[in-house]
Each structure stands twice: as C-alpha cells, then as structure tokens.
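J.: I'd like to ask you about the structure that follows.
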Amino acid sequence: MSRVISWYIHLLKTHPIKTNLCTASLLMVGGDFMAQEIERYHLEDEFTLHEHDLDGVPERRRIHMHPYWGFVNKDNTSLEDDNDDGTAISTTCTDTNNPLVVAVDRIVGSIRQSIERNDWIRTTSMGLWSVLFYTPAYMALYAAFDRVFKARTPLAVGARVAGALVYSIPVNALFFVYGTSVHHTMEWYGLWDSLLADAEEEADWSIYTSSDNDGDDADATADQKTGRNFFLPLPERPPPYDVEMMLSKARLKIETELISTVTNSAKMWIPINIVNFAVVPNHLRPFGLLFFSVFWNCYLSLVQHRDVPLPQDVIGS
C-alpha cells in the first residue's frame, strides 16, 4: 500500500495535470455509480436532504431529469432472479456448501448486475464535466491561491476558504446548466430515434402489404403510392432542437437546487478546506480530497438527476 501511495504522490509531482484529471474522472464515475445505486433503492432523499417533497406532485407537473434515454432499467427493479421466498439466487456459484464462496459469488454477481443496469450515458456526461471543466477550474483556482497567498497565515487560510466558497456558486450553476442541457439533448435524440424507428416500421409494413400484390408492377405502384424509398425509410431532417425549452429547464433547475447545493457545499467543504489549506502540502491536496470527493460527487449526481416540480403557471391544475 505504501508503494502505491508513493507512486501516486510521485505522479502528482511529475504529472500534476494528467494525474488530477484521471483521478477526477474516476472519482466522478464512482460517485455517479453510487448515486444510481442509491436512486435504485429510493434513498436519495436521505442522502440529499431534499427540501421539495415530490410525493404529492403528479408526473405531469415535473421536469424529469432521469433516466437518460434508453440505457437504464427504467422500472428500477433488480435484474436478479428470485427464489420463491424472495431471496436472490446465484447462477455462477458451484460450491454452495462453502460460505466464503457463496459470499464472494453474491458480491461478484451484485457488481456485475449493477454494471449492466447502470446508465452509462449519464455516467459519461458526469465524467466529462469533471475532466473538461470542474477539475481544471479548481486547479486554476488553487494555482491562483498559491500565487497570491504564499504564507499560511490565518488570514490567508480564511481568504482561501472564502474564495473557494464564492467560487462554488458559479461553478455549481454551470453544472446545473450543463447537466440539464445534456439531459435535454438526450431527450431530443430519443425523439429523433423514435421517429426513425416509426419510419422504418412504416416502411416494413408497406413492404409487407405490397407483397400481397402480384408482379413487379404492383410493387412499383405501391412504391409510388407511399412515395418512399424502402432502402432509405428515414425522415428528411431531425426534429427542431428547442433551445428556449432547454434554457428554461436550466433556469428552473438553478432556482430550485442552487441555494441548497451551495449551502451543503459550505457545510462539507469549509472544515475540509481549512485543514487542507492550513496543513496539507500543495502537491498532496488532491490526494487528501479523494475520499471526500467521491461522496460529494455522489451528492451532485443525485441533486442533478432528481425531478424538479414545475411552477404553478406552467401547467394548469
């Protein structure tokens, strides 16, 4: 273990940018993976302290933020087969008399099933956010702190902590804009894909009905009636991308979530940053934040992908 830590510290010193970006991507993927497991067991309110009770809000009065299009087990049910008594059964364990083998088999099976039902589009979008913006933004902030506050005085530490808190406000706002935009884009792509599927199904049905006619002339007549090329049964253009709707969703998401997210960020990160800025050497700061970052990333993923109630004036009661 000590060799791994020494190797990682060496990478932080010699390749700080690459090491931080790779680490951040893994931490965000892990955090989102945890968030999806929490959502699957309906525990998100306990982890995020959700102030908006959606139990009484009908589906038509929500902006739905998860799941992303077509890549998730949407009914949130387990993919395991069950025995008659409701206990999960294993399909790989051969030595059922060995408790250790059974335990390992169940763990491996649980991990495999979690990977299979994970929404990887969502996870990828979260990882890209971390690599392309979040981590570079905070690396630039910490570098600026190091240039301005060279001494570790109480005033310098307080200025760093306060600066990080203020900095988190626009960063979290941009995060909600990014996440909402990605989700809106995937909904648009899902609509486009459904239109393509409907067009292909219509073309297949036309071919099936035209097969009852005799001869090539009848088939050609069917082609002319439908006005469609059976080899390219696709709409000419995708549906319009509603930018105004996307911006409206992002604005509503920010209005609903930003204050509580920044407040919880302050509660978690102010004590951590005080210790981090006052005690931890510069090149070890990312290493010291690994453990806490996983749980914060999990929280961010839960907050971004929970539904938002629509304003009263959007849809009539």
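The values are calculated or read from the model by the stated rules, or taken from the named source; none is laboratory data. Computed from a predicted model, the values in this text were never measured in an experiment. Here the Cβ is made from the backbone with ideal geometry for all residues, glycine too, and neighbour counts use every protein chain on show. Ligands, DNA and RNA are stripped out before the accessible areas are found, and what is left, the full protein with its side chains, is counted by its heavy atoms. Shrake-Rupley method; radii C 1.70, N 1.55, O 1.52, S 1.80 Å.
J.: For Thr209, state whether it is open to solvent by 30 Å² or more (accessible area, probe 1.4 Å), modelled with pLDDT under 70 and touching a helix residue (DSSP H, G or I) at 6+ places or on another chain (Cβ under 9 Å).
T.: Against the criterion (open to solvent by 30 Å² or more (accessible area, probe 1.4 Å), modelled with pLDDT under 70 and touching a helix residue (DSSP H, G or I) at 6+ places or on another chain (Cβ under 9 Å)), Thr209 qualifies.
J.: Next question. For the stretch 187-206, give me each residue that is polar (S, T, N, Q) and either modelled with pLDDT of 80 or more or within 30 Å of Val243 (Cα to Cα) (or both).
T.: Ser194
J.: Hey, another quick one. So, Phe47, is that one under 20 Å from Asn118 (Cα atoms), in a helix (DSSP H, G or I) and at pLDDT below 75 or not?
T.: Yes.
Yes or no, residue by residue, for (1) part of a helix (DSSP H, G or I); (2) at pLDDT below 80; (3) surrounded by 15 or more Cβ atoms within 10 Å (Cβ to Cβ):
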{"residue": "Thr19", "(1), (2), (3)": "yes, no, yes"}
{"residue": "Cys22", "(1), (2), (3)": "yes, no, no"}
{"residue": "Phe33", "(1), (2), (3)": "yes, no, yes"}
{"residue": "Glu39", "(1), (2), (3)": "yes, no, yes"}
{"residue": "His52", "(1), (2), (3)": "no, yes, no"}
